[in-house]
Amino acid sequence: MLIMTVSTTSASTTALVLAVFGAAAVEMVEALTLVVAAGTRSWRSALQGSAAALVVLVVLTAGIGVPLARYLPIDALRVVVGALLLVLGLSWLRKAVLRSGGRLAKHDEDAIYARTVGALEGSGSAEVRHDGAAFMVAFKGVLLEGFEVVLIVISLGTSAHRLGLAAAAAAAAVVIVAVVGIVVARQLSRVPENALKTAVGVMLTSFGVFWVGEGAGVTWPGSDLALVALVALFAATTGALVLVLRRTGARVEPLEVSAPSLPEGLAT
């Protein structure tokens, strides 16, 4: 019995860490594209904007996650966050399936980088100590991309009573992607982003179904090990959908790439 308990806990913890780390890594790659683009104008301001956004995200995680875990009944909490994870997971899976099946162009970090640099070049001179345009592009990029990660950290962390572990996994992903980004500079398009989004989407959807079930009083066979079966089920379903799309004649829809809007008074 002790061995079974340890194995189920280990499976749940591993899935949680992988889901949070993967989600944070994907979003960090997208945010880093904008930070690097802003850095071509002013690295000082771009890094200040990134740091400010990270502070806001940390405050949100601590300010929302801790009260939820402490005051909301566990069953209600699991239903709410399970539904949230389902929405996020299915959204990620939908786009990943369409891209893998050839119906939607894959995310192009190089195109986003070029478009953002172009927008910044047309926003006036950067010969100032603090560049508001670079600061805002970096701040908005990190904040918006990181917000989904905050939701995932809070959802998974509070439901499993492992908010600290979830936050640590997200922080590790941020550090690793930042270090790799510094080394490879603009080579962000080489990151297998769609594969990562597919894997994370499968895990988020699996957690969502699992937590909604637990909150509704469902007793899963094998306890937390049921997560493994759910992951296998959604992974197989995703693979089947991709094969169907590829065999029915794919028609790639162009991916609209837009640069982040600049603050009023800076754009020209």
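Bear in mind these aren't lab numbers, they're just calculated from the coordinates by the rules spelled out. Predicted model, so just to flag it, every value in this text is computed and none were measured. Virtual Cβ from ideal backbone geometry, glycine too; neighbours counted across all protein chains shown.
Backbone phi angles across the stretch 140-155, fed through the Karplus curve with coefficients 6.51, -1.76 and 1.60 (θ = phi - 60°), yield HN-Hα couplings of 5, x, 5, 5, 5, 5, x, 5, 5, 5, 4, 4, 5, 4, 5, 4 Hz in residue order; Gly and Pro are listed as x.
The label-point distance for Ile74 and Ala172, in a model that sets each label 7 Å from Cα toward Cβ, rounds to 2.5 nm. For Leu104, the residues whose amide H sits under 5 Å from its own are Arg99, Glu253, ignoring neighbours fewer than 5 places away on the same chain, with H placed 1.01 Å from N.
Each peptide among 221-234, 33-46 gets the average number of other Cβ atoms lying within 10 Å of its residues, and from highest to lowest they stand as 33-46, 221-234.
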